[in-house]
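> Provided herewith is a single structure, encoded as structure tokens, for subsequent inquiry.
Throughout, read-outs are computed from the coordinates displayed, never taken from laboratory work. Remember, it's a predicted structure, so these values are computed and weren't measured experimentally. All Cβ positions, even for glycine, are placed from backbone atoms using ideal geometry, and neighbour counts span all protein chains on display.
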Amino acid sequence: MLRDIFSKKKKYATIPSEQAKQEVPEGLMTKCPNCKTIMYIKELRKNKMVCEGCGYHHRLSAYERIDLTLDEGSFQEFDVDMIAKDPLQFPDYLEKSAQDREKTKLNEAVVTGEGTIQGVPTVIGVMDARFRMGSMGSVVGEKITRAIEKAIEGDKSFIMFAASGGARMQEGVFSLLQMAKTSAALNQLNERGLLFISVLTHPTTGGVSASFASLGDINIAEPGALIGFAGRRIIEQTIRQKLPDDFQTAEFLLEHGQLDQVVSRHQLRETLGTILELHHPVKGGEV
Amino acid sequence: MADQLSFEKPIFELRNKISELKTFTAEKGIDLSGEIEKLESRLEQLEKDIYGNLNPWERVQIARHSKRPTTLDYIERLFTDFLEFHGDRLYGDDKAIVGGIGRFQGQAVTIIGHQRGKDTKENIKRNFGMPHPEGYRKALRLMKQAEKFKRPIICFIDTKGADPGIESEERGQSEAIARNLIEMAGLHVPIVCVVIGEGGSGGALALGVGDRIYMLENSTYSVISPEGAAALLWKDASLAKRAAETMKITAPDLLELGLIDGMIPEIRGGAHRDVDQQANEIRVYLEKSLKELGNISELDLVQKRYEKFKNIGEINHVSGPIAVK
Ligand SMILES: [Zn+2]
């Protein structure tokens, strides 16, 4: 109801954010960054964090994603205890990682494990963009690589939800080489004839977009997700012109042949389930 | 002088002075050989001091030197019967990457490398050595061809990065790079990579998934340019010098971190001082590595390559209670 008031009378919808923060009780309500509608978080959660007004897909935390994707209670996490080291003795890196651990209650920017979707077992990795922008350093690369190896051991499919700003600068070439490491692990998965579904969510850019996230047997994205190699600002500086609004969106990539499908969060679990079943006719047959 | 880097100024000044004295000697017939000798030994010491203690930012400048030898300079010197092959068979021919076949000490090999220009005109033609997707796809086509005919692959890495433009995004720059990473990981032939200039980010790595990764002493390999890192970290691109140090992008730093297999010594003052001699230094490493890799079976090669990359990473573990959901 509140949403209706604000969305219809646009004037009131554009409350300056600072003021809005004061008026919107923390943790109770939120504003859609796309249509500016103010809504109850509880309602938003019920709708899988998709704005009822405009369809904007709000970011999910890794565990929210897992809850929405896997069969209830089926998730078993791998390698929970890995945290960032500081191979370059980079200023403030460990402090910032610690702050993000505190803030997100996650140990790193990816959660990996196994579970079932509509009864079909799968190994899964989910990135969380709140932790160091979801950037890939040694821990992210290692956890993904180990998850892929678990899939190989267990003869299972692998699903990866990407949400990342790219490589983790503070780990320098260590982070760059995680691109090669995760891709090399996927080569091993390919050799065994196992399925990899890459789900690209907002945002998937830089070194993550240019490695495992683009290497799915099937590449799926959520609507509106920003996906691309180079940063928008860098491109604009290079070409000295403004880019169209839809540039590097999931829809743009679909149009340019880079994706198999753009799937709404409301259909995503079912779509993944169907794909898994089609690749596991025996195991999925009874479901 | 454009070729002169700021930290080289004392060397160039002294060198000029020596040549002035020599001219003077010749013109006036006055014997200054004692003085010249003294200055020459001082020059020798000065070069040792300056070039022997290069800081990361000075190495970056040498790596970017306008006269620095490129892939084609080394191809000309290291291989015989080189034939350049063009095109990705899908879209076009990207001149920021050159590739082809030739012989290395009699053995047929495939050679691929980033290619910069040496002047503005050539740089425009070669997009400053920054490949579009079709460049990476050409490289991959040539690598697959090498695998079919069981030829080792030699890659020269020398790019600021992959092209960041609209068309590159439209044609799938991310996919092109990612595809090279996964395909290189699985190739059944030896791959030797040499970073000869700048190894910029994913655009460099797309030719860099090899069994051996060497760097010339004054080359760099980085996840982001020093300028880019400074802009992102400290909102100030002029702090690039500091970023070059912090990011550990030089050959000595990366060798110490165990991220590369070897550092190829460079001619004092930089590879551009003597390209022939620099090529000889590279030849030693190619010869040695191709010999070693030639003795490994195809399957072991792929497995060892996987393990090489799998082992890269530095990780801690939380002690005590674990933060779970
Ligand atoms: Zn909305």
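> Let me have the relative contact order for the stretch B:186-325, percent, based on Cα pairs under 8 Å that are six or more residues apart.
Details: 166 pairs, mean separation 34.1, N = 140.
Worked out over the stretch B:186-325, it gives 24 percent.
> If you place +1 on the Cβ of every Lys and Arg and -1 on the Cβ of every Asp and Glu, how big does the dipole about the Cα centre of chain B come out, in debye to the nearest 20?
660 debye
> What nm distance separates the two modelled labels at residue A:274 and residue A:74, each placed 7 Å from Cα along Cα→Cβ?
About 1.7 nm, to one decimal.
> Once the Cβ-Cβ distance between residue A:266 and residue B:122 is put in as r, and R0 is 56 Å, what FRET efficiency do you end up with, to the nearest 0.05?
On the way: r = 53 Å, r/R0 = 0.95.
With R0 = 56 Å, the Cβ-Cβ based efficiency is 0.55.
> Arrange the following residues from fewest to most other Cβ atoms within 10 Å of their Cβ: B:73, B:300.
Details: B:73 19, B:300 10.
With the sparsest Cβ surroundings first, the list reads B:300, B:73.
> For chain B, calculate the relative contact order in percent as a whole number, restricting contacts to Cα pairs under 8 Å that are 6 or more residues apart.
Averaging sequence separation for qualifying contacts and normalising by length gives 15 percent for chain B.
> Provide B:70, B:80 in ascending order of the number of other Cβ atoms located within 10 Å of each residue's Cβ, fewest first.
B:80, B:70
> While we're looking at this one, here's another question. In degrees from 0 to 90, rounded to the nearest 10, what is the angle of the helix B:9-28 Cα long axis to the longest principal axis of chain B?
The angle comes out near 40 degrees.
> Residues of A:164-172, mean number of Cβ from any other protein chain within 10 Å of their own Cβ, rounded to a whole number?
Numbers: counts 0, 0, 4, 5, 1, 10, 5, 5, 13.
For this peptide, the per-residue mean of nearby foreign Cβ atoms is 5.
> Sticking with this one: Could you work out the percent of alpha carbon pairs in the stretch B:78-200 separated by over 19 Å, rounded to a whole number?
The answer is 45 percent, as a whole percent.
> Continuing with the same structure: Between residue B:299 and residue B:81, what FRET efficiency comes out of the Förster formula 1/(1 + (r/R0)^6) with R0 = 35 Å and r the beta carbon distance, rounded to 0.05?
In this case the efficiency is close to 0.70.
> Continuing with this model, one more query. Take the cross-link list A:181/B:160; B:17/B:67; A:31/A:242; A:85/A:143; A:181/B:308; A:150/B:310 and give me the ones stretching past 18 Å between alpha-carbons.
A:181/B:160; B:17/B:67; A:31/A:242
> For residue B:145 and residue B:24 in the same chain, what is the full-extension length gain: residue separation times 0.36 nm, less their Cα-Cα distance, in nm?
37.5 nm
> Distance between Cα centroids, the stretch B:123-202 to the stretch A:215-259: provide it in whole Å.
21 Å
> Another question, if that's okay. Quick one: compute the contact order of the stretch B:1-116, relative version, from alpha carbon pairs under 8 angstrom and 6+ residues apart, as a percent.
It comes to 18 percent, rounded to a whole number.
> Which order results if B:134, A:95 are arranged by neighbouring Cβ count within 10 Å, fewest first? Before the final figure, lay out each step's value.
On the way: B:134 22, A:95 10.
By the 10 Å Cβ count, ascending: A:95, B:134.
> Inside 10 Å of the C-beta atoms of A:238-248, what's the mean count of C-beta atoms belonging to other chains?
Per-residue shielding by partner chains comes out at 2.
> Still on this structure, please answer the following. With +1 on each Lys and Arg Cβ and -1 on each Asp and Glu Cβ, how big is the dipole of the stretch A:59-279 about its Cα centre, in debye rounded to the nearest 20?
The dipole magnitude comes to about 680 debye.
> Quantify how strongly other chains surround peptide B:200-213 by giving the mean number of their Cβ atoms within 10 Å of each of its Cβ atoms.
Per-residue shielding by partner chains comes out at 4.
> Oh, and also: Go through the stretch A:128-142 residue by residue and turn each phi into a ³J(HN,Hα) via Karplus (6.51, -1.76, 1.60, θ = phi - 60°); whole Hz please, and just put x for glycine and proline.
Listing the rounded values in order: 10, 5, 6, 8, 6, 6, x, 6, 9, x, 4, 5, 4, x, 5 Hz.
> With the dipole of the protein assembly as shown worked out from charges on the C-beta (+1 for Lys and Arg, -1 for Asp and Glu) around the Cα centre, which of B:226, A:53, A:229 lies farthest toward the positive end?
A:53
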